[in-house]
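These notes concern the structure reproduced below.
The values are calculated or read from the model by the stated rules, or taken from the named source; none is laboratory data. Predicted model, so just to flag it, every value in this text is computed and none were measured. Glycine gets a Cβ as well: all are built from the backbone with ideal geometry, and neighbour counts include every protein chain shown. Note: accessible area is taken over every heavy atom of the protein model, side chains too, but ligands, DNA and RNA are not part of it. Shrake-Rupley method; radii C 1.70, N 1.55, O 1.52, S 1.80 Å.
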Amino acid sequence: MSTYERHVLDNGLRVLTASLPHAQSVTCMLMLAAGSRYETPETNGIAHFSEHMFFKGTERRPSARQIAGEIDAIGGEFNAFTGKEYTAYYVKCAAEHRDVALDVLVDMLRNSRFDADEIEREKGVIIEEMNMYFDTPRDFIGGVYEELLYGDQPLGWDIIGRKETVRGASRETFFDYLGHWYKPSRMVVGIAGRLDGNVRADVERLFGDLEPAETGEPPPVVLENTVTSRVKLHTKQSDQAHVILGVQSYPLEHPDRYVLQLLATVLGGGMSSRLFTEVRERRGLAYYVFGVNHSYTDAGSLYAQAGVDLNRIDEAVTTIVDELQRIVDDSVPPDELEKARNFAKGRLVLQLENPQGLILFGLRREVLEGRAVEPDEVLAALDAVTAEDLQRVARDVLERGHVHRERRGEQRQQHDL
């Protein structure tokens, strides 16, 4: 039996459902293939700003307090998040209140007022969120790194935008962006948990009258093929330095995606990974350190990140480069591969245990790849990865990224804070 059921309405909107009969709750989520990479230099930040404004009042519920009050009255939770390639809005609540959750969610997305005074007030909120982000170096360094990696194009811009573009946004800015990208063909409604009644009919009733429209696609990313390493520094008074050291990897649907996932897990997944053991446990260089691969639809990066002693930055970088080089030079032992495999499989199983995690996993795949893959397919793909695969991909990605011990001092993406 499939985990997900998929239906397509006549207007192109997709509906994804996942039944968890043992659950007492339900998560209703709408995800769109639209995020900050769909912006222009003049509108940078509008995807995230729009997400905020959908909570500020509709014709039926004119204030943020009234919207929140209806969700509070059913003991629910609601929120939203914006990425570079997608945006999502959700409500989770007891299963018997699904109709209320869907009604509020749809009202927000279809009938928000975008009141000019509310827009002006919310600009201050966004600016303060921006200041908080700038003052949180563990988060901010990710934007520094992606700006270095992708440059002056949407994947290299911060999701939250720039202060001047946020301050300059008007009602027309929102309507131009939303009118272009918020169309049925880019929308997927996902509902998971205890599913009583006819979910598909409910969604058809609420969204079926949306007019279909062609939207086109955002420009593809342009990747810089360099033969030397690149460094970007951001300096600010702080007691700790945050370092990201990485290379370009593979886009989302690459055939070696699961090999790359296990490669990142061996390097920096969990408290027994190579980076955690060497950087933190053996040398005491950092409180946190991890390795991860992050892929978009047409680009990706494998990187290590750590927060380290200001006086030991060079030693930390050297140690990380040594671990990257070691996984290129030496085959991963069978027991370590099995540990990484079980780690990745176990984390996936834990994610899928609750309605929100289950539908989020399916929606991301459906929105970005056009298909909600079955979890068993992912588990089988992880089982198929061999030590030879890991070394082959490590050599391809890391050697192409110019990771060499003798040049390790040039490999640094450093954020001094």
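Could you give the distance between the Cα centres of the stretch 157-188 and the stretch 205-284, to the whole Å?
24 Å
Computing the accessible area with a 1.4 Å probe over protein heavy atoms, can you report the carbon and sulfur percentage for the stretch 1-138? Provide the component values of the computation, followed by the final result.
On the way: 2800 of 5820 Å².
So the carbon and sulfur contribution to the accessible surface is 48 percent.
Which of the lysines could be linked to K163 by a straight reach, that is with a Cα gap under 17 Å, when you skip same-chain ones fewer than 8 residues away?
Within reach: K123.
Rounding to the nearest 20 debye, state how big the charge dipole of the chain is about its Cα centre with +1 on each Lys and Arg Cβ and -1 on each Asp and Glu Cβ.
Magnitude of the dipole: close to 440 debye.
Roughly how many Å² is the accessible area per residue of the chain, as a whole number, for a 1.4 Å probe?
Value returned for the chain: 45 Å² of accessible area per residue.
Is it possible to state the helix-based mean residue ellipticity at 222 nm for the chain, with each DSSP H run of 4+ residues giving -39500 (n - 2.57), the sum divided by total residues, to the nearest 500 deg cm²/dmol? What is it? Please list the in-between numbers first.
Numbers: 14 runs with 168 residues, N = 417.
Result for the chain, helices only: -12500 deg cm²/dmol.
Any number yet on Rg/Rh for the stretch 15-128, C-alpha, Kirkwood?
Value, to two decimals: 1.00.
Would you please name the GluC sites (Glu not before Pro) within the stretch 53-92 that are DSSP coil residues with at most 15 other C-beta atoms within 10 Å of their C-beta?
For GluC sites (Glu not before Pro) across the stretch 53-92 that sit outside H, G, I, E and B with at most 15 neighbouring Cβ atoms in 10 Å, the list reads E59.
For T318, T87, T228, what's the largest-to-smallest order of accessible area, 1.4 Å probe?
T228, T318, T87
Check each of the GluC sites (Glu not before Pro) in the stretch 167-267 and keep only those in coil by DSSP with at most 15 other C-beta atoms within 10 angstrom; list them in order. Mind dumping the intermediate values first?
Numbers: sites: E172, E204, E214, E224, E253; in loops: E214, E224, E253.
When the GluC sites (Glu not before Pro) of the stretch 167-267 are filtered for loop state and at most 15 Cβ neighbours within 10 Å, E214, E224, E253 remain.
Place +1 on the Cβ of every Lys and Arg and -1 on the Cβ of every Asp and Glu in the chain, take the dipole about the Cα centre, and give the residue among I244, S2, V166 whose Cα lies farthest towards its positive end.
I244
What do you get for the angle between helix 355-369 and the principal long axis of the chain? Use alpha-carbon atoms, 0 to 90 degrees, nearest ten.
The angle comes out near 80 degrees.
Using a 1.4 angstrom probe with every protein chain in place, what is the largest-first accessible-area order of E399, E211?
Putting E399, E211 in descending order of accessible area: E211, E399.
If you line up the long axis of helix 257-268 against the longest principal axis of the chain, both from Cα atoms, how many degrees apart are they, to the nearest 10?
Once rounded, one gets 60 degrees.
Antiparallel versus total DSSP beta bridges in the chain: what percent is that, nearest 5?
Expressed as a percentage, antiparallel bridges in the chain total about 85.
Using only C-alpha atoms and all pairs of different ones, pull out the Kirkwood radius for the stretch 257-382 in Å with one decimal.
Here the Kirkwood hydrodynamic radius works out to 15.9 Å.
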